[in-house]
Amino acid sequence: MRGIVYTGEGVEVSDELAVRDPGPKEVRIGVRAAGVCHSDLSVINGTIPWTPPAVLGHEGAGVVEAVGADVASVKVGDHVVVATLASCGTCRACSTGHPTWCRRSLGNVSAPFTYKGEPASNFAAASVFAESTVIQEVQAVRIPKDIPFTSACLIGCGVLTGVGSVLNRARVRPGETAAVFGVGGVGLNVIQGLRIAGATRIVAVDTVAAKEDLGRQFGATDFVDASTGDAAAAIRALVPPNRESAAGSLSPMGGVTWAFECVGHPAVLRSALDALDWGGTAVAIGVPPRGSEVAVDVNALAYVDRSLLGCRYGAARPHHDIPLMVDLYRSGALLLDELVSLTRPLEAFREVVDEMHSGRVARGVLLFD
Ligand SMILES: NC(=O)c1ccc[n+]([C@@H]2O[C@H](COP(=O)([O-])OP(=O)(O)OC[C@H]3O[C@@H](n4cnc5c(N)ncnc54)[C@H](O)[C@@H]3O)[C@@H](O)[C@H]2O)c1
Ligand SMILES: [Zn+2]
Ligand SMILES: [Zn+2]
């Protein structure tokens with residue numbers, strides 16, 4: 001079987017992979033389409049440490065090929081989006097609707113694959129850069145058969161992460177203002193989440209000027225080119241303050257209620273904090289190298305009710321949120337087809353990565369036929 005393997009030195013597009021049969025509560029998926037998320041690239045460049053060999057990919061959709069003896073919620077032939085949360089379903093976090101807090105959902109690596117005859121592990125409990133993968137039943141979320149796989153696959157990470165950060169974590173309300181740092185696959189979904197939530201000013205920020213058109217297509221009202229100067233100052237100049245700040249106060253005038261960091265760089269997170277109005281909150285979504293820290297002037301938080309939130313996987317409850325994304329897509333509120341700027345066969349993985357680095361794509365999608 002074909003797939004993309006992280007070898008420790010880099011990646012290989014290989015046809016020397018095999019996957020085992022599903023266990024009692026597992027499902028084998030025939031992957032049809034998979035989006036390339038920056039987190040896959042972060043494994044390859046060492047930002048996210050992962051033990052090789054491992055099969056990459058965690059944003060996928062496909063068809064159920066086989067089910068374990070105890071699987072009841074899906075059957076062979078169903079179309080599914082693969083959720084990356086292999087949550088247990090019974091712990092206190094799962095029982096209170098917070099599967100992203102389930103301890104079993106992080107670091108539960110298994111090795112359902114062999115690569116050149118040796119065990120190979122999965123990545124993000126998904127490994128959708130392979131013709132077939134084995135996942136837990138809880139991760140297979142059924143979708144209607146008329147939703148194209150190329151669009152549906154993006155729900156599995158970028159859409160849930162971006163839209164979920166706005167609707168589930170921040171709970172943005174109509175009339176609030178926001179800045180979105182990084183107009184990539186995740187950032188574009190934060191932008192459209194903000195549009196859906198009724199935010200009235202949505203400032204997109206990127207170092208690639210060509211991202212302005214994409215940002216505006218998804219709902220941005222303004223664009224700041226972060227390569228040309230202080231993005232936070234530009235945002236504060238654009239968005240009026242919610243109250244007059246006295247001359248010489250701790251806080252300069254202006255700023256947004258929400259600032260989403262979708263790049264994965266501590267300096268960008270600091271810029272997001274600096275772009276906040278009084279009462280504003282920065283949301284850390286991007287994943288920098290382990291041990292990264294950000295310095296904050298505590299008084300700039302404490303005196304004026306600013307906050308910093310982390311957000312994993314859009315605080316998603318996949319069995320609620322994936323059908324919701326499908327409904328929003330059908331209603332026209334959620335753009336999915338427009339996110340797919342490039343489709344290529346699995347073998348052209350490196351070309352997709354190059355296009356991502358160039359800043360030309362919203363999402364590149366790998367196809368498996
Ligand atoms: N928290 C989570 O659950 C979660 C889920 C998915 C992805 N992520 C992380 O989110 C981040 C973004 O992922 P993606 O797939 O959207 O990446 P992407 O490569 O598609 O997009 C990144 C964007 O950031 C822009 N950028 C780079 N440097 C910048 C800077 N200094 N200022 C402003 N913009 C800048 C790039 O031009 C690009 O448009 C990554 O760190 C990824 O690992 C986190
Ligand atoms: Zn991802
Ligand atoms: Zn749990």
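The values are calculated or read from the model by the stated rules, or taken from the named source; none is laboratory data. Note that the coordinates shown come from a computational prediction; the quantities given were computed from them, not determined experimentally. Backbone-built Cβ (ideal geometry, glycine too); neighbour counts: all protein chains shown.
A compact table of results
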quantity: Candidate set from segment 185-196 (those that are buried (at least 24 other Cβ atoms within 10 Å of the Cβ) and not β-branched (V, I, T)); member that is farthest from L339 (Cα to Cα); calculated: L194
quantity: Some residue of segment 175-185 being on the phi < 0 side of the Ramachandran plot, within 13 Å of ligand 2 (Cβ to nearest atom) and out of contact with any Lys or Arg (no Cβ under 7 Å at 6 or more places or on another chain); calculated: yes
quantity: Any hit, segment 100-112, residues being more than 20 Å from A152 (Cβ to Cβ), without any contact (Cβ under 8 Å) to a residue 12 or more places away in the chain, away from ligand 3 (no atom under 16 Å from the Cβ) and out of contact with any Phe, Trp or Tyr (no Cβ under 9 Å at 6 or more places or on another chain); calculated: yes
quantity: Test: A120 is away from ligand 3 (no atom under 16 Å from the Cβ), at pLDDT 95 or above, part of a strand (DSSP E or B) and surrounded by fewer than 22 Cβ atoms within 10 Å (Cβ to Cβ); calculated: no
quantity: Options G77, G89: the member that is touching a residue at least 24 places away in the same chain (Cβ under 8 Å), at positive phi and surrounded by fewer than 22 Cβ atoms within 10 Å (Cβ to Cβ); calculated: G89
quantity: Test: G97 is farther than 24 Å from D369 by Cβ, within 16 Å of ligand 2 (Cβ to nearest atom), touching a residue at least 12 places away in the same chain (Cβ under 8 Å) and not polar (S, T, N, Q); calculated: no
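To keep it simple, each residue is scored yes or no on (1) within 16 Å of M325 (Cβ to Cβ); (2) touching a His at 6+ places or on another chain (Cβ under 6 Å); (3) not assigned by TED's automatic domain parsing to the domain that holds A204.
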residue: A120; (1), (2), (3): no, no, yes
residue: Q139; (1), (2), (3): yes, no, yes
residue: F149; (1), (2), (3): yes, no, yes
residue: E176; (1), (2), (3): no, no, no
residue: G182; (1), (2), (3): no, no, no
residue: G187; (1), (2), (3): no, no, no
